[in-house]
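Only one structure is covered here, and it is reproduced in the block below.
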Amino acid sequence: MNTFDEIKIIGLIGQSGAGKTTVSHMFSGLGLAVIDCDVMSRRASELPEFLGEMKTAFPDCVDENGLMRHKLGEVVFNDIEKLREYGKIIFPYITRLVFRELHRLSGSGEQAVILDAPTLFESGLDIICDTVVSVIAPFELKLERVMRRDGISEKFARSRLKSQFGEEFFRSRSEYCIVNSGDISELEKSVAAVVSSLKERFDAH
């Protein structure tokens with residue numbers, strides 16, 4: 001249920017390490033505006049009111065310099081209830097920032113926007129999307145990417161991936177599914193095909 005009449009919202013979801021960020025950059029390069037919810041999350045995590053809530057709920061994950069991200073990751077990616085508790089705290093802050101950006105983009109004349117949101121469904125932001133695109137990849141490829149990208153051990157990377165939804169979750173909740181096998185030229189073709197379909201469907205240029 002998109003409440004922004006002047007702009008079409010395309011949710012972008014994907015498994016950690018599947019290459020969603022790469023796909024997001026490709027969407028941008030093909031002329032679609034992108035809202036990066038990871039950026040919104042980092043902005044939210046610096047807000048004093050958010051840090052106040054976190055200090056109460058996760059006292060060991062906040063110090064005088066702010067949120068201790070690595071420590072938080074060790075806690076929430078090994079305890080599903082802690083992960084849900086963290087989500088309940090941060091999602092409202094992210095949502096407010098996303099809505100602010102959507103209003104800005106709509107006012108500037110954008111016809112369609114990619115909402116790059118790793119936790120689109122957990123946060124409830126899926127309700128404002130007109131359609132959803134997912135990115136998936138083989139498990140071992142995701143594992144390798146997460147370890148290299150975040151500089152973490154295989155054990156920690158596996159626990160992170162296992163704390164997230166599996167491939168079927170993403171396939172069943174998206175109209176478009178991009179499979180990233182690691183071949184960049186094939187990925188570019190897949191993204192271009194999706195963009196062409198979206199622009200034609202939503203009359204966005």
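Towards the positive end of the charge dipole of the chain, with charges on Cβ (+1 Lys, Arg; -1 Asp, Glu), say which of Ala193, Ile7, Gly66 has the farthest Cα.
Gly66
Tell me the angle of helix 184-202 to the major Cα principal axis of the chain, expressed in degrees between 0 and 90 and rounded to the nearest ten.
In the chain, helix 184-202 runs at an angle near 70 degrees to the longest axis.
Taking a ≥ b ≥ c as the square roots of the eigenvalues of the Cα gyration tensor of the range 133-172, is the shape rounded (a/c under 1.5), prolate (a/b larger than b/c) or oblate?
prolate
To the nearest µm²/s, what D does Stokes-Einstein give for the range 8-199 at 25 °C and 0.890 mPa s, using the Kirkwood radius over alpha carbon pairs as Rh? Don't skip to the end; give the middle numbers.
Details: Rh = 17.5 Å.
D = 140 µm²/s.
Quick one: of Lys8/Lys88; Lys82/Lys155; Lys8/Lys82; Lys55/Lys155; Lys155/Lys189; Lys162/Lys189, which pairs are farther than 24 Å apart, Cα to Cα?
Lys8/Lys88; Lys8/Lys82; Lys55/Lys155; Lys155/Lys189; Lys162/Lys189
No value in this document is a laboratory result; all are computed from the given coordinates. Computed from a predicted model, the values in this text were never measured in an experiment. Here Cβ is always computed from backbone atoms with ideal geometry, including for glycine, and neighbour counts include all displayed protein chains.
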